[in-house]
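S.K.: This is the structure I want to talk about, given as structure tokens.
The values are calculated or read from the model by the stated rules, or taken from the named source; none is laboratory data. These numbers were taken from a predicted model, which means no experiment stands behind them. Please note: Cβ atoms are built from the backbone with ideal geometry, for glycine as well, and neighbour counts cover all protein chains shown.
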Amino acid sequence: MSETLLKRPSPEMVDAMRRRGMAERVLTVQSSTRVTPNMQRVVVTQEGEGAFDLKPGQDLVLMLPDQEGGLGRRHYTVRRYDAATGCIDLDVVLHGDDNPGPRWALNARAGDQVVCFGPRGHIHLRSGAEWRVFFGDETCLPAILAMIEALPEGAPATAYIEIEAEADAQAVETQGDVRVEWLVRAGPAQPMSRLLNAEVAAFQPPAGQGHIYLIGETSSVRWQRQSLIARGVPADQIIAEGFWRPGRLGGHDHVRD
Ligand SMILES: Cc1cc2nc3c(=O)[nH]c(=O)nc-3n(C[C@H](O)[C@H](O)[C@H](O)COP(=O)(O)OP(=O)(O)OC[C@H]3O[C@@H](n4cnc5c(N)ncnc54)[C@H](O)[C@@H]3O)c2cc1C
């Protein structure tokens, strides 16, 4: 086991995260493999006992080595959790080898350890919807597929997922009545997603109470939320969060304006 690779966050940070309801956990890497050309899957298990109370779609805050020799927070969704084996799958978008997330995922070896907090997050499958629609780019693919895979039998849902290349599409297993539209961008991700924004602009909400998930690059999510609200979609049907934006290091953006 690579104990030397384990860097611990400061006691102040552990306290601050605990006050926000997030437990500190030590994860051990089991494997790291390429799932599709631009996605690396790191399978981890939790050291020791401790309930892993996860809602499908939620994420973990990983403490990853940054360029300055410190630790930076990076959010990664639990793509899949197997309670029988304790295996937690994390799918990391390879948007640039120099950034802490992809660097960690590409170099992760069985036995490496990393500290995380969580599970956390308000992006998760909620009850009380007659239909659901998901819009997101590849950083949201793990969350969208985790939520789709947890749908009850016959539950209607549509997902629009932007990916870099056709080969980045993934198989979806669900009991829901689901349609997934893969939007192939052919190039690196940009702010103000042309493909996703066009789908949101064309979207006509079905009758009844539904949930619309808008996740991805923050300026796109903000534009999409404003576009729906301008067309009369009630704000309480929209669940929105910015997963990344140019210049931001880790973190997340609440989008409520
Ligand atoms: C709740 C939540 C769940 C998330 N789940 C996942 C997940 O399951 N898988 C996943 O891969 N990501 C996920 N993300 C997004 C991920 O946390 C961010 O992309 C994060 O910035 C990645 O860290 P990094 O070290 O790669 O880049 P950072 O060091 O944080 O960023 C460096 C720069 O790279 C650019 N950048 C960051 N992310 C991207 C990107 N995806 N595409 C293009 N440019 C980018 C920005 O300009 C940024 O300033 C999630 C985010 C949130 C908030």
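S.K.: Quick check on residue 167: is it out of contact with any Ser or Thr (no Cβ under 9 Å at 6 or more places or on another chain) and on the phi < 0 side of the Ramachandran plot?
M.R.: So residue 167 fails the test.
S.K.: Also, I was wondering about something else. Would you point out which residue out of 206, 191, 246 is outside the structural domain of residue 79 (by TED's automatic domain parsing), more than 12 Å from the ligand (Cβ to nearest atom) and either on the phi < 0 side of the Ramachandran plot or out of contact with any Ser or Thr (no Cβ under 6 Å at 6 or more places or on another chain) (or both)?
M.R.: It is 206.
S.K.: Say we look at region 206-257 and pick out the residues that are touching a residue at least 24 places away in the same chain (Cβ under 8 Å) and of a type in the set (Asp, Glu); which of these is surrounded by the most Cβ atoms within 10 Å (Cβ to Cβ)?
M.R.: The residue in question is 217.
S.K.: Right, next: Go through (1) aromatic (Phe, Trp, Tyr); (2) outside any helix (DSSP H, G or I); (3) closer than 16 Å to residue 26 by Cα for residue 104 and report which single condition fails.
M.R.: (2)
S.K.: Looking at region 108-154, which of its residues are without any contact (Cβ under 8 Å) to a residue 24 or more places away in the chain and at negative phi?
M.R.: 127, 153, listed by residue number.
S.K.: Residue check: is residue 163 of a type outside the set (Ser, Thr, Tyr), more than 16 Å from the ligand (Cβ to nearest atom) and in contact with a strand residue (DSSP E or B) (Cβ under 7 Å, 6 or more places away or on another chain)?
M.R.: no
S.K.: Shifting gears a bit: Looking at region 66-80 only, could you name the residues that are in contact (Cβ under 8 Å) with a residue 24 or more places away in the chain and more than 10 Å from the ligand (Cβ to nearest atom)?
M.R.: Hits for region 66-80 are 71, 80.
S.K.: It is to be established whether one or more residues within region 45-54 are surrounded by fewer than 17 Cβ atoms within 10 Å (Cβ to Cβ), of a type outside the set (S, T, N, Q) and within 10 Å of the ligand (Cβ to nearest atom).
M.R.: Within region 45-54, not a single residue is surrounded by fewer than 17 Cβ atoms within 10 Å (Cβ to Cβ), of a type outside the set (S, T, N, Q) and within 10 Å of the ligand (Cβ to nearest atom).
S.K.: Which of the following residues is in a strand (DSSP E or B), within 16 Å of the ligand (Cβ to nearest atom) and closer than 30 Å to residue 186 by Cβ: 89, 97?
M.R.: 89
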